[in-house]
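Input: a single structure, listed below in structure tokens.
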Amino acid sequence: MTTRRQFGLAAASLLAVPTLLKAQGNNKIILGQSAAFTGPAAELGIQFHQGARIWFDQVNAQGGVAGKTIEIKTLDDGYEPDRCAANTQKLISEDVFALFGYIGTPTSLAALPLLSKAQVPFIAPFTGAMGLREPFNKQVFHLRASYNDETALIVRQLTNLGLKKIAVFYQNDAYGKAGLDGVTLALEKLSLKPVATATVERNSVDVAAAVRTINAAGPDAVVQISAYKSCAAYIRAARKAGFGGTFFNVSFVGTQALADELGKDGAGVVVSQVMPSPYSLARPIAREFSEAVKKAGGNAQANFSSMEGYLAAKVVTEGLKRAGTRMNSREGLIQGIEAIGSQSLGGFQLNFSASQHVASSFVELSMLTGDGRVRT
């Protein structure tokens, strides 16, 4: 990655609130994205954005949607809620048409009241937290399955293997607590509970206390609910301190970033996924994405995070197309995404409607191989 600045796109023209595009040629649709482009979670924002850009660049090269090109105005929040809230206020004041591809639970929750008040669509946040899904919010559209879906599969896999002493290492914020709640809920259904829990602060790799607490309980497995830097630090420290069990992560960890951090130490680490694998070409969408990445060249990478950005961009484009003559309005975009209904994006099933703004409950497991690859 040569520079983070390549992800800060200039918006030459802005969009009007609350409903219509400004009449400055009326030929651009500007999406606003606040995400981590620096700091310990940076690869999540960078890769999601890169995947979205690959799709939008293709659309724009073919004349856009009804003659309108789609651009993303990005602001770096470093995965910090206060910075995200300030960025969101700025983007709304600059009249972006919709907010798109926010990275993380605490940041997305900080933006939620602002976008709800301004009635700005909020599309494909990179989070599975239930706090963004319930209660239903007309402005918010989710592409990915929830953390409850992911942790239910993880707990089912572990207990089917006879591993019932399960600990949870989680980030001490809304994201970590959402994941902990998911694990706890899944265990309660089996009359079990975590044998130990311990935390790490957001954007920190200070895991020593967490390792001591969890190792002392002698768990069979540790479910990790944090970002790739802290999870990698925990895995190394726990093993060095004598832990011989298994590690499971939810998708937000950033699979390829975790594999890159761990190198050979990643062998056997499991990550749940909510997107189709970009590494297996069995699905048409994986083949399409692989070709798009090759065509894009440069620093483009095929991984789960960039695949999510690519699919999220396709949803926005499809919503604009289905809005038809109403595509200049935010309400038109909302209705256009709802009109997508039930359909497959090359083998990845979506289901949107006026009462259903969570497109997917798809979850599967993957494993790091120890040589930088991911097996699904």
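Derivation of every value follows stated rules applied to the coordinates shown; laboratory data play no part. As the structure is a computational prediction, the values presented were derived from the model and not from experiment. We place every Cβ from the backbone using ideal geometry, glycine too, and count neighbours over all the protein chains shown.
Using packing as a proxy for protection, rank 56-68, 270-282, 119-131 so that the peptide with the highest average count of other Cβ atoms within 10 Å comes first.
Per-residue mean Cβ counts within 10 Å order the peptides as 119-131, 270-282, 56-68.
With everything on Cα atoms, drop me the angle between helix 304-323 and the longest principal axis of the chain, reported from 0 to 90° to the nearest 10.
Orientation of helix 304-323: about 30 degrees from the principal axis.
Using only Cα atoms and rounding to the nearest 10 degrees, what angle (0 to 90) does helix 284-296 make with the longest principal axis of the chain?
It is inclined by approximately 70 degrees.
Tilt of helix 228-240 relative to the longest C-alpha principal axis of the chain, in degrees (0 to 90, nearest 10)?
Approximately 10 degrees, to the nearest ten.
Given 25 °C and 0.890 mPa s, how large is the Stokes-Einstein diffusion coefficient of the chain in µm²/s, with Rh as the Kirkwood radius over Cα pairs?
Approximately 118 µm²/s, per Stokes-Einstein.
Can you list, bin by bin at 5 Å, the percent of alpha carbon pairs in the range 147-273, starting at 0?
Each 5 Å bin holds this share of Cα pairs: 2, 12, 25, 26, 22, 10, 2, 0.
In the chain, which longest range has no GluC sites (Glu not before Pro) that are both DSSP loop (not H, G, I, E or B) and surrounded by at most 15 other Cβ atoms within 10 Å?
Result, exposed sites excluded: 202-376.
At a threshold of 8 angstrom on Cα-Cα distance, excluding pairs fewer than six apart, so keeping six or more, what relative contact order does the range 30-109 reach in percent?
48 percent
Ranking request for peptides 294-300, 166-172: highest mean number of other beta-carbon atoms within 10 Å first, then the rest in descending order.
Peptide ranking by packing, descending: 166-172, 294-300.
From Cα pairs below 8 angstrom and at least 6 apart in sequence, can you work out the relative contact order of the chain, rounded to a whole percent?
Result for the chain is 18 percent.
On a straight-distance basis, which lysines could pair with Lys90 in a cross-link, Cα separation under 28 angstrom, same-chain partners fewer than 8 positions away excluded?
Lys22, Lys28, Lys68, Lys73, Lys117, Lys138, Lys314, Lys321
Would you list which lysines come within 21 Å of Lys240, measuring only between C-alpha atoms, while excluding same-chain residues fewer than 8 positions from it?
Straight-line reach from Lys240, under 21 Å: Lys165, Lys229, Lys264.
How high is the relative contact order of the range 147-273? Use alpha-carbon pairs under 8 Å, at least six apart in sequence, and give a whole percent.
After rounding, I find 25 percent.
How large is the dipole of the range 38-130 about the Cα centre if only Lys and Arg carry +1 and Asp and Glu carry -1, each at its Cβ, rounded to the nearest 20 debye?
Here the size comes out at about 220 debye.
Sorted from fewest to most neighbouring beta carbons within 10 Å, what does the list Ser290, Ser191 look like?
The fewest-first ordering by Cβ neighbours comes to Ser191, Ser290.
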